[in-house]
Amino acid sequence: MRIVLLGPPGAGKGSLAALIKERTGIVHISTGDMLREEMKKSSQIGLQIKALVAKGALVSDEIVTRLVEYKVTHDPQMAKGYLFDGFPRTTQQAQDLDRILAKVGKPLDFALFMETNVEMILSRLMGRWVCRQCGALFHIKNRPPKKPGVCDVCGTELYQRSDDNKGIIRKRIQVYEISTKPIIDYYEAQGKLRRISGDKETVDVHDDLVKMINEESYQNQKSSGS
Ligand code: ADP
Ligand code: ZN
């Protein structure tokens, strides 16, 4: 499976990616996670990234694409398949990704657009708690940890991302509408866009995805006459 997850912040891309990774072992490439790793280093580039992320603005295409290109060309697990989450976020990034994937001979199967409404986004992001150590995602109401403030997976402390507050979330949604939504047309034009409702529980979205993939391969077999 070689896919890109598209959708607004809070559409459930990270949760779906984590579930697919757990079940299939394919590579999960989250540029948000990669940038947060860079931010932990107090390098000049780390500080530059931090200032942009704090505002809810996008990091430059050059920086993000360089990180992705390194990962794609160096991770041996890529052969099993991959899942991009939070990348591409601009048409430029989408074009760069096609170029990088062509170079390694692993073109995309499809881009999955997870459609979600704004109220859902706000309630998901404002209630979100993340593990400092392993990145596992929790939600105060929808997916509470067994012990408050502690990760079920690795026992580390949970935290709320500083960009998960109402003002910055609204800004991120705006940036999404302006910079990222046009990518939907980019993949539609390639015949690679698939749509799914992101308003459900992660396991249900996952089931819908599996159903969609099975139906498509059935249709493909029928049309190839076998
Ligand atoms: P979410 O999808 O919940 O908004 P992410 O973890 O994907 O969160 O991204 C957090 C922040 O990191 C974004 O608001 C942006 O500042 C930066 N970022 C992540 N991915 C990209 C990207 N592909 N291009 C530019 N900036 C990015
Ligand atoms: Zn953890």
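The values are calculated or read from the model by the stated rules, or taken from the named source; none is laboratory data. Quick caveat: nothing in here was measured; it's all calculated off a predicted structure. All Cβ positions, glycine included, derive from the backbone under ideal geometry; neighbour counts span all protein chains shown.
Looking at the stretch 49-74, I want the residues that are within 28 Å of Lys166 (Cα to Cα) and have a partner that is within 16 Å of ligand 2 (Cβ to nearest atom) and of a type in the set (Asp, Glu) with Cβ atoms under 8 Å, at least 6 apart or on another chain. Which pairs are those?
Between residues of the stretch 49-74 that are within 28 Å of Lys166 (Cα to Cα) and residues that are within 16 Å of ligand 2 (Cβ to nearest atom) and of a type in the set (Asp, Glu), there is no close pair.
Across the stretch 101-122, which residue is nearest to ligand 1 (Cβ to nearest atom) among those that are crowded, with 16+ Cβ neighbours inside 10 Å and among the β-branched types (Val, Ile, Thr)?
Result: Ile121.
Taking helices (runs of 4 or more DSSP H) that do not extend beyond the stretch 147-226, which have at least 2 residues that are free of Cβ contacts under 8 Å to residues at least 24 places away in the same chain, in contact with a Lys or Arg (Cβ under 8 Å, 6 or more places away or on another chain) and not polar (S, T, N, Q)?
202-223
Quick check on Thr91: is it over 14 Å from the mean Cα position of the chain (by Cα), farther than 16 Å from Gly25 by Cα and surrounded by 15 or more Cβ atoms within 10 Å (Cβ to Cβ)?
yes
Do we find a residue being surrounded by 16 or more Cβ atoms within 10 Å (Cβ to Cβ) and at pLDDT below 95 anywhere in the stretch 148-162?
No, there is no match, as no residue in the stretch 148-162 is surrounded by 16 or more Cβ atoms within 10 Å (Cβ to Cβ) and at pLDDT below 95.
If a residue must be more than 12 Å from Ile29 (Cα to Cα), aliphatic (A, V, I, L, M) and out of contact with any Lys or Arg (no Cβ under 7 Å at 6 or more places or on another chain), how many such residues does the stretch 55-69 contain?
3
Of all residues in the stretch 123-136, how many are surrounded by fewer than 18 Cβ atoms within 10 Å (Cβ to Cβ) and at pLDDT 95 or above?
2
When you go through (1) surrounded by fewer than 16 Cβ atoms within 10 Å (Cβ to Cβ); (2) closer than 18 Å to Arg89 by Cβ; (3) within 16 Å of the chain's Cα centre (by Cα) one by one for Gly14, which number turns out not to apply?
(1)
Only one of (1) within 29 Å of Arg2 (Cβ to Cβ); (2) more than 14 Å from ligand 1 (Cβ to nearest atom); (3) under 19 Å from the mean Cα position of the chain (by Cα) is not met by Arg132, so which one is it?
(1)
Tell me yes or no: at least one residue of the stretch 89-102 is modelled with pLDDT of 95 or more, touching a Ser or Thr at 6+ places or on another chain (Cβ under 9 Å) and under 20 Å from Ser197 (Cα atoms).
Taking every residue of the stretch 89-102 in turn, at least one turns out to be modelled with pLDDT of 95 or more, touching a Ser or Thr at 6+ places or on another chain (Cβ under 9 Å) and under 20 Å from Ser197 (Cα atoms).
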